[in-house]
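Note sheet for the following structure.
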Amino acid sequence: MGRYAAVDLGAGSGRVIVGELTEGCLLTCEVHRFRNDPVPLPEAGGVRLCWKATELFAQVRAGLSKAAAQGPLEAIGIDTWGVDYGLLDVDGVLTAPVVSYRDRRTAGVPSRVFEQIDPAVLYARTGTQVQEFNTVFQLLSSTGSRALARADRLLLLPDLLAYWLSGVARTEVTNASTTGLLDPVGRQWSDEVLDALDQGPAIRRLLTPLSEPGTVLGPVLPRILPEAATASGAPTPVVTVGSHDTASAVVGVPAGGDAFAFISSGTWSLVGLELSEPILTEASRADNFTNELGVDGTVRYLRNVSGMWTLNHCIAQWQDETGQLQDLTALLAEAFEEPPLARIVDLNDDTLLDPGPMTERINALLEFTGQPAARTRAQVVRTIMDSLALAYRAAVRAACRHSGRTVDVVHVVGGGSRNIRLCRATADATGLPVVAGPAEGTALGNLLVCARAVGDLSGGLDRLRAVGAASCALTRYEPTHCPEALAAWRAASQTLESLTQGK
Ligand code: LFR
């Protein structure tokens, strides 16, 4: 019936995926994939970790061009990770490179911001968990910079790419909810927060109007991508989707009803529930939950759990040290020969945030908490897997506690859904069945919203999810019923709680 192109950029790689809607199914095909690594760039007084924004755009164009060469495209949707942005001057030119959220320019900034606005008030108004990389802290870290002074507009990364494709500058609301500047109740910029910040007026003038997902922004500019056309020969429209990758991933969750928890498992694991209202209580704030906005007026109530990031950097380290490619499947198999739950770390510990060699940092955490060192690769991998499953258990339980909801299944979407052993451990740790897949849930969610935006699908999220579920193979993992295993997970979860207490 129709073909659509999803541009899905992650912090490690990007891809363009085409979806074709036929007989209630969305058949997907990856047409382009590329690496996305930030690069250190010199800047007056230091070095900044930056994204190669124009190169990313070139890759997006190349992918869309391939997609268009294979047939008409009815819509293009773009999603990326959250919080990062480009600043444009009045002529639409970047005033500075796009800085990565992994850059440490924001170290210590939140506490300075809390001198202007009480953290409890900031949470009550925005529902955003404090992470040093939130857009608001990035902006306030560059107060007084020439890049900011010369800027006329701020565009979050997916909006920037959509602007370069269509010439239309808007801020899509699901990603805007990662900025720390959005009111999740009114789904508008928070005047109260902007009024409270010294730099509020300077920031406010950079913000562009908000759009909900599913809005047609405008046709792709023929001079940018002449080959992209619909079946009727018009230039393909660029539409807003859940432009925050997690928002699209949650659309791609193949759930029926609402009694589910989700884990969107990529570089980060985003663990939580889909709600109709934000939870802005002090207890929720103390427990590090964030209220991000979802498609169709929903709220993604979740916690960021790090883990694959840590594992990926361990693997990169071993590759560097040995000069040999590491086989993840073999590493996982060895790891799961090790005794379970022998070592537990808090994967969200600040010391694991930076890129670079990881194993020494993991062992430093183990030593600091009085646990035996992880001496082999298998022990390191097992430590990460067990700690990850425990963090999932903690997040699912806490989300249910704060929302008063119960769930009967955990859906794992994203690359981590292919990790059979982690899925099994997640089922055992949470005590709930895990349904794993699709691995490209984000692109699927993006494509479903594209199809609906141009009128090829109708209905609410349930309908979109039914089409999504019919389009992919899913695997179900039942939790263990073994009393000893359940008791071991319970005991280990108390250990994790003691490691994270007071952080
Ligand atoms: C996942 C993600 C998370 C966000 C982090 C940084 O890709 O978008 O949701 O907290 O990246 O933007």
Starting from 0 in steps of 10 Å, tell me what percent of the Cα-Cα pairs of the range 1-95 lands in each bin.
15, 39, 29, 13, 4, 1
The set of residues whose placed amide H lies less than 5 Å from the amide H of LEU293, leaving out same-chain residues fewer than 5 positions away, is SER177, ARG300
May I ask you to evaluate 6.51 cos²θ - 1.76 cosθ + 1.60, the Karplus curve with θ = phi - 60°, for each residue of the range 449-463 and list the ³J(HN,Hα) values in order in whole Hz, giving x for glycine and proline?
6, 4, 4, 6, 4, 9, x, 7, 10, 9, x, x, 4, 4, 5
5 angstrom amide H check on LEU221, placed H, neighbours 5+ away
SER166
At a temperature of 20 °C and a viscosity of 1.002 mPa s, determine how fast the range 82-124 diffuses translationally according to Stokes-Einstein, using the Kirkwood radius over alpha-carbon pairs as Rh; express D in µm²/s, rounded to the nearest whole number.
168 µm²/s
What residues qualify as long-range amide H neighbours of GLU440, i.e. H under 5 Å apart, gap of 5 or more or another chain, H built at 1.01 Å from N?
GLY414
Dipole-positive endmost among GLN371, GLY323, LEU388 within the range 308-390 (Cβ charges, Cα centre)
GLN371
Would you mind listing how long the range 375-483 runs along its three principal axes, going by Cα atoms, in whole Å with the largest first?
55, 35, 22
Tell me the trypsin sites (Lys or Arg not before Pro) within the range 375-462 that lie in a loop according to DSSP and have at most 16 other beta-carbon atoms within 10 Å.
ARG375, ARG405
Using DSSP to call loops (not H, G, I, E or B), can you name the GluC sites (Glu not before Pro) in the range 320-391 whose Cβ has at most 15 other Cβ atoms within 10 angstrom?
GLU337
Charges at C-beta only: +1 for Lys and Arg, -1 for Asp and Glu. How large is the resulting dipole of the range 216-350 about its Cα centre, in Debye rounded to 20?
560 debye
Within the range 80-136, trypsin sites (Lys or Arg not before Pro) in DSSP loop having at most 12 other beta-carbon neighbours inside 10 Å
none
Can you find, among TRP489, ALA67, GLY468, the residue sitting farthest towards the positive end of the charge dipole of the chain, where Lys and Arg contribute +1 and Asp and Glu -1 at Cβ?
ALA67
With Rg from the Cα atoms and Rh as the Kirkwood inverse mean 1/r over Cα pairs, the chain has an Rg/Rh of 0.95
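Only the coordinates and a few stated rules stand behind these numbers; no lab work does. Note that the coordinates shown come from a computational prediction; the quantities given were computed from them, not determined experimentally. Every residue, glycine as well, gets a Cβ built from its backbone with ideal geometry; the counts of neighbours run over all protein chains shown.
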